[in-house]
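Engineer: Take a look at the following structure, please.
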Amino acid sequence: MSKNFHFYEQVNRSFDRAAALTKHDPRMLNQIRECNSVYRFSFPVKRDDGSIEVVHGWRAEHSHHKLPTKGGIRYSYVVSEDEVKALSALMTYKCAIVEAPFGGAKGGVKIAAHEYSNGELERITRRYTYELIKKNFIGPGLDVPAPDYGTGAKEMAWIADTYTSMSKGELNALACVTGKPVAQGGIRGREQATGRGVFFGIREVCSDEELMKQLGISQGVEGKRVAVQGLGNVGYHAAKFLEEGGAVLVGLSEYEGAISNPDGFDLEAVVRHRKDSGSLLDYPGARNLERSSDILELDCDILVPAALENQITKDNAPRVQAKIVAEAANGPTTANADEILVEKGILVLPDTYLNAGGVTVSYFEWVKNLSHVRFGRMQKRFEEGAFNRIVAAVEARTGTEFTTEERSLLTRGAGEEDLVNSGLEETMALAFESIRRTQQTYGEVADLRAAAFINAIDKIALCYEDLGFFP
Ligand code: NAD
């Protein structure tokens, strides 16, 4: 990663480019763009060998125009204040785009998570949470973290438990964090949500007749040749849903290397191979690419960077061959690279839209925690009863009987996961429609990234106009 990469500045460059196309008061735009609060702190952690290590942490709350603020926590050795500010800003715009009622936030802990034992990670997570509690940087109505790079349901459970232990009977305490295990107040479908949302976003763009004509490729996901960088939570699930949707996975990469096969991979078999051999490389029948980052230059229809920021830069952008760059990660394309891709006629599906499935389902989890009831619990049986009566009436009128399979398909009521996936699909489809409409309104000057930013800016500006500024 280049040392001169200033992520926050990159996000603001994209913001400024879009903001210049709007008619909002520049002072209002400044307020929308500014990062409101950053809490930087250090704390000691006792390692398993008894030694004490100082760990550095951050939480940035970019915008308080809606509360609580929301955004993941990243465990990474290269995380910095600049990075969490940038990611918190992206969260503000992302939430506005998918109409999740939050301001943006992001947290970071500067550790290489794989170098710590489970017990050490638990102590770090609990102490990090405690530091947030001390400064009111966490709470169901204040700031609600979620998983991000290097964290998952396990860490979210520790955060929930630490907060609950310290909140003395606060009824809504579990809503202090999302992405929890289902048994600890999490929601079915959250783990897959970001990758599933990436799939829905790609499916939407691929079904747009005009855009596909411009790119000179056929409509639909089926048969599209896809390369995925990073097989973590987001990359793995995006790849899985794309594969299920009929796409051909022609390239896959992890930090240790990249492999390609024009005939396509079986994702599960590749994951098994990596688990057994400790590396993606040397997969039977595949070609090892020289460097892991060569995945970005692979001949394919859709490139899905799903690892980290600052991957497609001005140095490799001229060699990107994909027709569509689908930004599953946050900030994978630098502002300079973005200009190059657009000039080359490559369509970029921006991160602010494409990976918003995670926060969308986190929103559903937060609502579930506040309402203290699982989605579908009240109506599932009722729906099934009604469907059974309809099926029986149809059978009586037609004098024919449905097969057992048909009957069970027709009469199934919606459970939690069905409702979550349906809400996610609706959200991603509506947001795409809205971004596309904006793009069409602005014409040539706005690509999808600018259109997504304009949508976000308009919504946040409206919020400030309605509410005014305190005092
Ligand atoms: P993760 O830690 O689960 O997975 C990241 C994967 O990328 C890991 O397997 C890692 O080994 C791999 N990787 C790291 N460097 C690489 C490289 N140079 N080349 C190839 N692979 C590399 O993290 P995640 O949650 O999947 O997050 C990935 C990206 O998606 C981040 O940018 C994150 O901010 C963004 N994101 C995550 C979520 C979420 O719900 N988890 C939501 C929105 C956005």
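None of the figures in this text is laboratory data; all of them are computed from the coordinates on show. Small disclaimer: the values here were computed from a predicted structure and weren't measured. Don't worry about glycine lacking a Cβ; one is built from the backbone with ideal geometry, like all the others, and counts go over all protein chains shown.
Engineer: Long-range amide H contacts for VAL55: which residues qualify at under 5 Å (H placed 1.01 Å from N, peptide plane, sequence gap of 5 or more or a different chain)?
Structural biologist: PHE43, VAL45
Engineer: Calculate the length of the line joining the C-alpha centroid of the range 300-348 to that of the range 145-202, in whole Å.
Structural biologist: 30
Engineer: Can you put PHE43, PHE453 in order, fewest other beta carbons within 10 Å first?
Structural biologist: With the sparsest Cβ surroundings first, the list reads PHE43, PHE453.
Engineer: Can you tell me the length gained on complete extension of the stretch PHE387 to ASP299, counting 0.36 nm per residue apart and subtracting the Cα distance?
Structural biologist: 26.8 nm
Engineer: Between the range 58-100 and the range 399-471, what's the alpha-carbon centroid distance in Å?
Structural biologist: 21
Engineer: Now a separate question. Given only helices, namely DSSP H runs of n ≥ 4 each adding -39500 (n - 2.57), what is the per-residue ellipticity at 222 nm of the chain, to the nearest 500 deg cm²/dmol?
Structural biologist: -15000 deg cm²/dmol
Engineer: Let me know the charge dipole size of the range 44-172 about its Cα centre in debye, to the nearest 20, where only the beta-carbon of Lys, Arg (+1) and Asp, Glu (-1) is charged.
Structural biologist: Dipole of the range 44-172, to the nearest 20 debye: 300 debye.
Engineer: Charges on Cβ only, +1 for Lys and Arg, -1 for Asp and Glu, centred on the Cα centroid of the range 409-471; of GLY423, ILE460, LEU448, which one is farthest towards the dipole's positive end?
Structural biologist: LEU448
Engineer: Sticking with this one: Treating only the Cα positions of the range 287-440 as identical point scatterers, give the base-10 log of I(q)/I(0) from the Debye formula at each q in 0.13, 0.14, 0.17 Å⁻¹.
Structural biologist: Log10 I(q)/I(0), no solvent term: -0.78, -0.83, -0.97.
Engineer: Only bridges whose two residues both fall in the chain count here: according to DSSP, what percent of them are antiparallel, nearest 5?
Structural biologist: The antiparallel proportion sits near 45 percent.
Engineer: Put one equal scatterer on each alpha carbon of the range 162-209, apply the Debye formula with no solvent term, and list log10 I(q)/I(0) at q = 0.14, 0.15, 0.17, 0.31 1/Å to two decimals.
Structural biologist: -0.52, -0.56, -0.63, -1.07
Engineer: I'd like the Karplus ³J(HN,Hα) series for the range 363-377: coefficients 6.51, -1.76, 1.60, θ = phi - 60°, whole numbers in Hz, and an x wherever there's a Gly or Pro.
Structural biologist: 4, 4, 5, 4, 4, 4, 5, 6, 8, 6, 8, 6, 4, x, 4
Engineer: If you plug each phi of the range 105-112 into the Karplus form 6.51 cos²θ - 1.76 cosθ + 1.60 with θ = phi - 60°, what whole-Hz ³J(HN,Hα) values come out, in order, with x for Gly and Pro?
Structural biologist: Working through the residues one at a time gives 8, 7, x, x, 10, 7, 9, 8 Hz.
Engineer: Please report, in Å, the Rg and the Dmax of the chain, where both are computed over Cα atoms only.
Structural biologist: Both quantities, over Cα of the chain: 22.9, 78 Å.
Engineer: Moving on. Please report the net charge: other residues with Cβ closer than 12 Å to the Cβ of GLU425, K and R +1, D and E -1.
Structural biologist: -1
Engineer: If each residue's Cβ is checked for other Cβ atoms within 10 Å, how do LYS135, LYS368 rank with the fewest at the top?
Structural biologist: Taking fewest neighbouring Cβ atoms as first place, the list is LYS135, LYS368.
Engineer: Mind listing the phi-derived Karplus ³J(HN,Hα) values for the range 145-150, rounded to whole Hz, using 6.51, -1.76 and 1.60 with θ = phi - 60°, and x for any glycine or proline?
Structural biologist: Here the 3J(HN,Hα) series is x, 7, x, 8, 3, x Hz.
Engineer: Let me ask something else about it. Sorted from fewest to most neighbouring beta carbons within 10 Å, what does the list LYS344, LYS180 look like?
Structural biologist: In increasing order of surrounding Cβ atoms, one gets LYS344, LYS180.
Engineer: Considering amide H positions built from the backbone, and no H for Pro or chain starts, which residues 5 or more places from ALA328, or on another chain, come under 5 Å of its amide H?
Structural biologist: Under 5 Å from the amide H of ALA328 lies no amide H from a residue far enough along the sequence or on another chain.
Engineer: Kindly provide log₁₀ I(q)/I(0) values, in the same order as q = 0.08, 0.13, 0.14, 0.19 Å⁻¹, from the Debye equation applied to equal alpha-carbon scatterers of the range 139-279.
Structural biologist: These q points yield log10 I(q)/I(0) values of -0.32, -0.71, -0.78, -1.06.
Engineer: Could you give the dipole magnitude of the chain about its Cα centre, charging the beta-carbon of Lys and Arg +1 and that of Asp and Glu -1, in debye to the nearest 20?
Structural biologist: It works out to roughly 1280 debye.
Engineer: What number does the range 66-166 give for Rg over Rh if you use C-alpha atoms and the Kirkwood radius?
Structural biologist: Radius of gyration relative to Kirkwood radius: 0.96.
Engineer: What is the antiparallel percent of DSSP beta bridges lying wholly in the range 225-278, to the nearest 5?
Structural biologist: Of all bridge pairs located within the range 225-278, approximately 45 percent are antiparallel.
Engineer: In debye, nearest 20, what is the charge dipole magnitude of the range 398-445 about its Cα centre with +1 on Lys and Arg Cβ and -1 on Asp and Glu Cβ, if you could check?
Structural biologist: Here the range 398-445 has a charge dipole of around 220 debye.
Engineer: Can you list residues whose amide H is under 5 Å from ILE187's amide H, if they're 5+ apart or on another chain and H is modeled 1.01 Å from N?
Structural biologist: GLY179, LYS180
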